[in-house]
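Worksheet: the structure to be examined is printed underneath.
Quick note: the coordinates plus some simple rules give every number you see, no bench work behind them. As the structure is a prediction and not an experimental result, all values here were calculated from the model. Glycine also receives a Cβ, built like all others from the backbone with ideal geometry; neighbour counts cover every protein chain displayed.
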Amino acid sequence: MMREIKNILVLTLLVGLVSSPAFAQPETPVSEWTGKTILLVGAHPDDDSNSYGTLSMLQENGNEVYVLLMTTGNVGTKDPDMTRDRLAKIRRGEELRALNEIGIPEENYINLGYNDGMLEFTDRKEVVRRLVKWYRKLKPDVLFAFDPGYGYQKWLKADHRRASYLAVDAARAAEWRLIFPGQITQDGLEKHWIQEYMFYSGVEEDKNTWVDISGKHADRKFNAVSKHVSQFSSAWEDYNGSNLEAEDLPTEDRNEFLDKMRSRVYDNKKDGTTVEGFRYYKGIPDGIGHRRH
Ligand SMILES: [Zn+2]
């Protein structure tokens, strides 16, 4: 009996070793992607942060990674003395410093400059046209975007809700030559079909891909999220100075902030491993929200 238990234990250990990586993956696991163009689309500076570990890995593995955010993030503050212009500059600086931590250069950051909180009310056709132009120009193989939902509508807060639809609506439009045809006939671009999608911020049970970011990519993610001082530290209520970094905060605030960021990165675990979870989809954009049985 003891021997049988021992055998089962050994077998379990072996299976565990052989089947690593243990998490569901696309046909080619994300950790093996190389030579791809990756574009993450979000609404605000920091919307990319839950993907920082995966983006860090992809950048290091020889993919070209771009981040496109639609708004400047110019209203998210409780500081009574903050202005929109000043906050937009602060958020840009924080975003660029964060991307630098994961190896993404400044020229790969695109911001469409819309006002924070107002995406819902912007001219949708105009935003889609601009997104389509970027898709046709960069020709991404993989699009990271807010998950608009899968077989239902996922309720996301205003800008995120709008960003989720804008990103995929533009993906659909980009592949049709006769939509925004001037981009093709006059600007010299080509229609482009984005075939792979990594949706973030979706419902937990719809996630089908987990990227093991443990080790250096999680550490870089921690360094990167810790650049967003104006959103998650005491500077949210009182931004005292310019280009604030964690070390500029009073000791107690700094420790509290860094603990929060540490937990955000390292407590996101699956079976004891630090991960980032996504809903991966491959195919024509028309099927992004369809549940297939
Ligand atoms: Zn956001």
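Taking D187, is it in contact (Cβ under 8 Å) with a residue 24 or more places away in the chain, in contact with a strand residue (DSSP E or B) (Cβ under 7 Å, 6 or more places away or on another chain) and either within 20 Å of H44 (Cα to Cα) or more than 16 Å from the ligand (Cβ to nearest atom) (or both)? Taking the combined requirement at face value, the residue does not satisfy it. Here A98 clears all of (1) of a type in the set (A, V, I, L, M, F, W, C); (2) touching a Leu at 6+ places or on another chain (Cβ under 9 Å); (3) under 23 Å from S234 (Cα atoms) except the condition numbered (2). Listed conditions (1) touching a residue at least 24 places away in the same chain (Cβ under 8 Å); (2) within 16 Å of the ligand (Cβ to nearest atom); (3) hydrophobic (A, V, I, L, M, F, W, C) are all met by W155, apart from (1). Applying the criterion of at least 2 residues that are under 14 Å from the mean Cα position of the chain (by Cα) to the helices (runs of 4 or more DSSP H) found wholly in the stretch 149-229 leaves 158-174, 216-225.
Tell me, yes or no, whether the stretch 265-282 has at least one residue that is surrounded by fewer than 19 Cβ atoms within 10 Å (Cβ to Cβ), among the charged types (D, E, K, R), in a strand (DSSP E or B) and without any contact (Cβ under 8 Å) to a residue 12 or more places away in the chain. Within the stretch 265-282 (the criterion being surrounded by fewer than 19 Cβ atoms within 10 Å (Cβ to Cβ), among the charged types (D, E, K, R), in a strand (DSSP E or B) and without any contact (Cβ under 8 Å) to a residue 12 or more places away in the chain), the answer is yes, since at least one residue qualifies. Annotation note: Cβ proximity below 7 Å between a residue of the stretch 64-78 that is within 18 Å of V132 (Cβ to Cβ) and a residue that is within 13 Å of the ligand (Cβ to nearest atom) and of a type in the set (V, I, T) (sequence gap 6+ or interchain) occurs for L68/V41. Do we have any residue at all in the stretch 230-238 that's of a type outside the set (S, T, Y), under 21 Å from the mean Cα position of the chain (by Cα) and under 22 Å from G73 (Cα atoms)? Scanning the stretch 230-238 turns up at least one residue that is of a type outside the set (S, T, Y), under 21 Å from the mean Cα position of the chain (by Cα) and under 22 Å from G73 (Cα atoms).
Scanning the stretch 158-175 for residues that are of a type in the set (G, A, S) and away from the ligand (no atom under 14 Å from the Cβ) gives A170, A171, A173, A174. Candidates in the stretch 46-57 are the residues that are in contact with a strand residue (DSSP E or B) (Cβ under 6 Å, 6 or more places away or on another chain) and either assigned to a loop (DSSP other than H, G, I, E, B) or closer than 14 Å to N108 by Cα (or both); of these, the one that is nearest to the ligand (Cβ to nearest atom) is D48.
Do the conditions hold for L96, that is, is it within 16 Å of the ligand (Cβ to nearest atom) and in contact (Cβ under 8 Å) with a residue 12 or more places away in the chain? No; evaluated as a whole, the condition is false for this residue.
Sort out which residues of the stretch 73-107 are more than 16 Å from K227 (Cα to Cα) and surrounded by 18 or more Cβ atoms within 10 Å (Cβ to Cβ), and write them in order of number. Once the filter is applied, which keeps residues that are more than 16 Å from K227 (Cα to Cα) and surrounded by 18 or more Cβ atoms within 10 Å (Cβ to Cβ), the stretch 73-107 yields N74, M82.
Within the stretch 226-242, identify whether any single residue is away from the ligand (no atom under 16 Å from the Cβ), touching a residue at least 40 places away in the same chain (Cβ under 8 Å) and within 20 Å of D141 (Cα to Cα), and answer yes or no. No, every residue in the stretch 226-242 fails to be away from the ligand (no atom under 16 Å from the Cβ), touching a residue at least 40 places away in the same chain (Cβ under 8 Å) and within 20 Å of D141 (Cα to Cα).
When A173 is tested against (1) farther than 22 Å from H160 by Cα; (2) in contact (Cβ under 8 Å) with a residue 12 or more places away in the chain; (3) among the aliphatic types (A, V, I, L, M), only condition (1) is not met.
Of the residues examined, A145 is not one that is away from the ligand (no atom under 16 Å from the Cβ), farther than 18 Å from T72 by Cβ and under 22 Å from the mean Cα position of the chain (by Cα). For the stretch 68-84, the count of residues that are within 16 Å of the chain's Cα centre (by Cα) and more than 13 Å from the ligand (Cβ to nearest atom) is nonzero.
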